[in-house]
Amino acid sequence: MDAVATAPNAAVQDLVGSPGWIVFGDSGGGDRVAVDLTPGQRGHVGQIIMLDHERNIGAELRAGSLTDMVVNRRNDWYSGRAWAVRRWWPG
């Protein structure tokens, strides 16, 4: 059995799951989008993460906050550059 260890410079903890990851949406392809209330040492409370359905541990940092995700990264949702979450934003 392998142990899970989070790198000291990680923004998101390498965990199998966390009660501090509050899921509020999905990508439409099985990945979950969550607010991170238990960030890694280089992250901060409230950052937005993506839980990849093909990975067993960890998550990917997507935005610094919900406001950052909605205001600054809105166009990435439609272009496919970062993620596609069309149903969150009427278009």
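For A10, what residues show an amide H to amide H distance below 5 Å, using hydrogens built from the backbone and excluding near sequence neighbours?
The answer is Q41, R42.
What residues have an amide H closer than 5 Å to that of Q47, excluding those fewer than 5 places away on the same chain, when H is modeled at 1.01 Å from N in the peptide plane?
Answer set, sorted by chain and number: D36.
Using θ = phi - 60° and the Karplus form 6.51 cos²θ - 1.76 cosθ + 1.60, what ³J(HN,Hα) does each residue of the stretch 24-37 get, whole Hz, x for Gly and Pro?
10, x, 8, 8, x, x, x, 7, 9, 10, 9, 8, 9, 9
Report ³J(HN,Hα) in whole Hz for each residue of the stretch 45-51, in order, from the Karplus equation J = 6.51 cos²θ - 1.76 cosθ + 1.60 where θ = phi - 60°; Gly and Pro get x.
The phi angles translate into 4, x, 5, 9, 10, 10, 9 Hz.
Just to verify a number: FRET efficiency for V70 and A10, C-beta to C-beta distance, R0 = 35 Å, to 0.05?
Taking R0 as 35 Å, the efficiency between V70 and A10 is 0.90.
Every read-out reported here was derived from the displayed coordinates using simple, explicitly stated rules and does not represent laboratory data. Since the structure is predicted, the reported quantities are computational estimates derived from the model, not experimental observations. Note: ideal-geometry Cβ built from the backbone for every residue, glycine included; neighbour counts use all protein chains shown.
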